[in-house]
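As structure tokens, the structure follows; a few thoughts come after it.
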Amino acid sequence: ELKVEQNPLFLSMQEGKNYTIYCNYSTTSDRLYWYRQDPGKSLESLFVLLSNGAVKQEGRLMASLDTKARLSTLHITAAVHDLSATYFCAVDTAGGAQKLVFGQGTRLTINP
Amino acid sequence: NAGVTQTPKFQVLKTGQSMTLQCAQDMNHEYMSWYRQDPGMGLRLIHYSVGAGITDQGEVPNGYNVSRSTTEDFPLRLLSAAPSQTSVYFCASSSARGRRNSPLHFGNGTRLTVT
């Protein structure tokens, strides 16, 4: 059974600081997703990582995938308040059928 | 382009009642799925479909039925609601054609309370 674990689950940080969210998963997969969710809202796709060594960046967020270590990271650079949200990683278990297993989520709060 | 549309947004049921959560997408996506979101547990897959007429169980299917008679629609039926089914339900879709690059597109969710 595939398990996906994120850490930390809660993160409070100051604007301007850098931090990393970690996503570990227990079985082989070459497709990993990052999503953002604002309170009471739906999930918004941030990144799709498809292969070992994949790195994608959008603004202050950068995601990477190491399939050998079964680890993905979401790095936040010079955080701003607008990035406050819950971030989820999810791993595809079915090679394209989109049966995703989600991590528990990391609730990120960025204080002025 | 509406994307993935879920109705209703909120619903309160009594234990034992049945209901159907509606989901429709207008992106001609082959894949559709239902997830439930509970505090501290992320999202868990209930049922999914890879095309019209084809459905399969996810991680937590008990107490739920689905059918997929058209590409656009994927309703989720609660047969006899239980308090343990109190949750936020998300419908999602994705394309099989660009499947390696295609993320899930989520609806806005249905918040269900069973008393």
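The values are calculated or read from the model by the stated rules, or taken from the named source; none is laboratory data. The structure presented is a predicted model; accordingly, all values stated were derived computationally and were not measured. Note: ideal-geometry Cβ built from the backbone for every residue, glycine included; neighbour counts use all protein chains shown.
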Residues that are in contact (Cβ under 8 Å) with a residue 60 or more places away in the chain and either buried (at least 21 other Cβ atoms within 10 Å of the Cβ) or in a strand (DSSP E or B) (or both), drawn from the stretch B:9-29: B:10, B:11, B:12, B:13, B:19, B:21, B:23, B:25, B:29
Subset of the stretch A:21-76 [over 19 Å from residue B:37 (Cβ atoms), among the acidic types (Asp, Glu) and not in a strand (DSSP E or B)]: A:30
Residue check, residue B:92 closer than 14 Å to residue A:43 by Cα and either modelled with pLDDT under 95 or among the small types (Gly, Ala, Ser) (or both): yes
Odd one out for residue A:93 among (1) more than 14 Å from chain B (Cβ to nearest Cβ); (2) surrounded by fewer than 22 Cβ atoms within 10 Å (Cβ to Cβ); (3) within 14 Å of residue A:31 (Cα to Cα); (4) among the hydroxyl-bearing types (Ser, Thr, Tyr): (1)
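Table: residues versus (1) more than 9 Å from chain B (Cβ to nearest Cβ); (2) surrounded by 15 or more Cβ atoms within 10 Å (Cβ to Cβ).
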{"position": "A:2", "(1), (2)": "yes, yes"}
{"position": "A:8", "(1), (2)": "yes, no"}
{"position": "A:11", "(1), (2)": "yes, yes"}
{"position": "A:25", "(1), (2)": "yes, yes"}
{"position": "A:32", "(1), (2)": "yes, yes"}
{"position": "A:40", "(1), (2)": "no, no"}
{"position": "A:47", "(1), (2)": "no, yes"}
{"position": "A:53", "(1), (2)": "yes, no"}
Close pairs from the stretch B:38-62: first at the interface with another protein chain (Cβ under 10 Å from one of its Cβ atoms), partner aliphatic (A, V, I, L, M), Cβ under 6 Å, at least 6 apart: B:44/B:60; B:49/B:32; B:50/A:97; B:58/B:45; B:58/B:46; B:59/B:45
Sole exception among (1) more than 27 Å from residue B:109 (Cα to Cα); (2) facing chain B (nearest Cβ under 9 Å); (3) of a type in the set (Phe, Trp, Tyr) for residue A:19, by number: (2)
